[in-house]
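Note sheet for the following structure.
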Amino acid sequence: MNNFKKIILVVVAFIFGVMITYFIMDKFKSESYTEQSHVIAYQIERMNKMIVAEQTYSDLYNHTSKKSLPGLTDIFSADKKVTLLVKAKAQATYDLKKMDIELDSVNKKIIIKSIPPVEIQVYPDVSFYDMDQSVFNKFSKDDLNGIKKRAVEHVEKTVDQTKLKHEAHQQLIQNLGDLYFLAKTYGWEIEDKTSYANELNKLYD
């Protein structure tokens, strides 16, 4: 009888030990998942910023016009001309604060649903560099406003949008790549539903 009680006690103690071990291991596993979630969430938070590629431009824009009496152009004309200094800063941006991303810590999955498109903005600064006008042919306020507008349009056409977009794209891939690398390090899965998925998967497979 005593031997039977000892056997029962040993069996109970063994089962109890297994349960305690399972509980401790499960707790450590949960803590590990929680820690991973915090690290990944922090990385996502760091990504919530503006990605900006920038170029600067500077150019002189000249405008000349003449006024003369019919048939007397070769004898007399009243000329006016103006030179504008046009500086511009062009930016290509991704606003990652608008990125739609979900963190599934239970299934260890990061779901990237959408990324906002790139935006091109040009910020011009126009100043008068030189002006020469005749008493008989002066610039009006409307004249100068129209010239300034054409000067801005001129410099906007010189912006290399292809290069700007490429530079911004490279920065975007680098930022997303940091998240891909972190997910791979912790054994998490990334479900990327954006157009960048193929490019990133090739880099981080």
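Being under 19 Å from the mean Cα position of the chain (by Cα), of a type outside the set (Phe, Trp, Tyr), under 30 Å from Gly177 (Cβ atoms) and at pLDDT 90 or above: is that true of Gln43 here?
Details: under 19 Å from the mean Cα position of the chain (by Cα): yes; of a type outside the set (Phe, Trp, Tyr): yes; under 30 Å from Gly177 (Cβ atoms): yes; at pLDDT 90 or above: no.
No.
Could you grab me the full set of residues in segment 106-118 that are in contact with a helix residue (DSSP H, G or I) (Cβ under 7 Å, 6 or more places away or on another chain) and open to solvent by 50 Å² or more (accessible area, probe 1.4 Å)?
none
Looking only at segment 87-143, which residues are out of contact with any Ser or Thr (no Cβ under 8 Å at 6 or more places or on another chain) and assigned to a loop (DSSP other than H, G, I, E, B)?
Val106, Asn107, Lys108, Pro116, Pro117, Gln133, Val135, Phe136, Lys138, Phe139, Ser140
Would segment 148-160 turn up any residue that is under 19 Å from the mean Cα position of the chain (by Cα) and either under 30 Å from Pro124 (Cβ atoms) or modelled with pLDDT of 90 or more (or both)? Walk me through it before giving the result.
Narrowing segment 148-160 to residues under 19 Å from the mean Cα position of the chain (by Cα): 159-160.
Remaining after also requiring either under 30 Å from Pro124 (Cβ atoms) or modelled with pLDDT of 90 or more (or both): 159-160.
Yes, segment 148-160 has at least one match.
Taking the condition closer than 25 Å to Met50 by Cα and either charged (D, E, K, R) or surrounded by 12 or more Cβ atoms within 10 Å (Cβ to Cβ) (or both), does Ile147 pass?
The answer is no for Ile147.
The values are calculated or read from the model by the stated rules, or taken from the named source; none is laboratory data. Not measured: the values here are computed from a predicted model. With ideal geometry, Cβ positions are generated from the backbone for all residues, glycine too; neighbour counts draw on all protein chains shown. Surface accessibility is based on the protein's heavy atoms, side chains included, excluding ligands, DNA and RNA. Shrake-Rupley method; radii C 1.70, N 1.55, O 1.52, S 1.80 Å.
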